[in-house]
Amino acid sequence: MEIRTIGVVGAGQMGNGIAHVMALAGYEVALNDISREALDKAMATIRKNLDRQVSREKITQDELEVALARITTTQTLTDLGPSDLIIEAATEREAVKQAIFDELLPHLGPQTILTSNTSSISITRLASRTDRPEKFMGFHFMNPVPVMQLVELIRGIATDKDTFEACRAVVDKLGKTAASAEDFPAFIVNRILMPMINEAVYTLYEGVGNVQSIDQSLKLGANHPMGPLELADFIGLDTCLAIMNVLHDGLADTKYRPCPLLTKYVEAGWLGRKAGRGFYDYR
Ligand code: CAA
């Protein structure tokens, strides 16, 4: 089945990036969010990031205009019903995702592929509560979406081959690279990345280094583009903690226990860049 139209649920950091790259690759995109303000902010961000690509001569002004015209925004979730492929990129909370699927399902055609951009929640469990577990899978982008080359494609236990291949074809058309992952807690990228970030927070908590020395060590000593604490702020400390909890609960191994300092920052509302404060101060 060829995918032409794509519905994106959630206009946050990930959702606006997904709408951006899909529209640029030629898909018609319907972007949904409950908040009009979030949709307007998403469109402004998409324009800004497309402008940046024009100024770096990655795309032309015409391509920018055509891509923007391919995106429609809606506060009505059921407007996404006619899409060939839905990518849910709402808040990383299972109950929120569940409520979205429940509302959407009666409005989807039988062929519609349903996917989640979840960074860690079980695809098999999400799929089992829909009417189409064979047409359900994980479609996981990395942040910032327009820049990062990888997309993780996660098969639930019931995902069929045609669904997987249709999603892989979309990743190819984006010019990105697909990594196929089996459905176990946090898949591949976050299974490896989050324990490293969590260990960096332990390194801070135990006083082995300070924020600057920890980040500088990994940047200059291991050639990481961002230090682990800067990256945690960029991803969002709430998201990092949620993923550590999924690893800890799902694999029942103490090596995944979230650092108490990470929990404390989240409790304080110091969630990183988006909150103006995390390991760094952005105010
Ligand atoms: N949209 C479009 N283009 C963007 C962009 C955006 N949002 N952000 C940056 N860019 C472009 C810039 O225009 C620039 O393009 P050129 O190469 O053509 O010049 C390029 O990206 C590099 O940007 P900058 O020069 O502004 O900044 P930088 O060199 O410091 O790079 C970065 C910024 C790409 C974010 C880099 O620091 C980096 O790769 N950091 C690590 C990011 C990472 O690890 N992401 C994964 C997080 S984990 C995840 O997402 C999974 C999860 O589930 C939590």
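What follows draws every value from the coordinates through simple rules; no lab data is involved. Because the structure is a prediction, the values reported are computed rather than measured. Ideal geometry is used to build each Cβ from the backbone, glycine not excepted, and the neighbour counts take in all protein chains shown.
Numbers for the structure displayed
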read-out: DSSP-defined beta bridges in segment 108-248 - what % are antiparallel, rounded to 5; value: 35
read-out: Antiparallel bridges, percent of DSSP beta bridges restricted to segment 5-182 (to nearest 5); value: 15
read-out: At least 27 Å along the helix axis (C-alpha) and Kyte average at least -1.0, DSSP helices within the chain; value: 36-55
read-out: Most fluctuating residue given options 128, 217, 180, as computed from a GNM of the chain linking Cα atoms under 10 Å; value: 217
read-out: Karplus 3J(HN,Hα) series, Hz, for segment 5-12 with 6.51 cos²θ - 1.76 cosθ + 1.60 (x for Gly, Pro); value: 10, 10, x, 10, 9, x, 10, x
read-out: Sorted largest first, extent of segment 199-283 alpha carbons per principal axis (Å); value: 34, 28, 22
read-out: Helical mean residue ellipticity (222 nm; -39500 (n - 2.57) per DSSP H run of 4+; nearest 500) of the chain; value: -14500 deg cm²/dmol
read-out: Sorted by Cβ neighbour density within 10 Å, fewest at the top, the residues 124, 60; value: 60, 124
read-out: Burial ordering of 59, 192, fewest other beta-carbon atoms within 10 Å first; value: 192, 59
read-out: Amide H within-cut-off set for residue 187, under 5 Å, with H built and near neighbours excluded; value: none
read-out: Total charge dipole magnitude, segment 190-274, about the Cα centre, Cβ charges on Lys, Arg, Asp, Glu only, Debye to nearest 20; value: 100
read-out: Lys/Arg +1, Asp/Glu -1 at C-beta; the chain dipole; positive extreme among 258, 86, 217; value: 217
read-out: Given charges at beta-carbon only (K, R positive; D, E negative), |dipole| of the chain in Debye; value: 460
read-out: Dipole of the chain, positive end: most advanced residue of 32, 203, 147 [Cβ charges, Cα centre]; value: 203
read-out: Exposed GluC sites (Glu not before Pro) absent - longest run of the chain, DSSP non-H/G/I/E/B, at most 11 other C-beta within 10 Å; value: 58-205
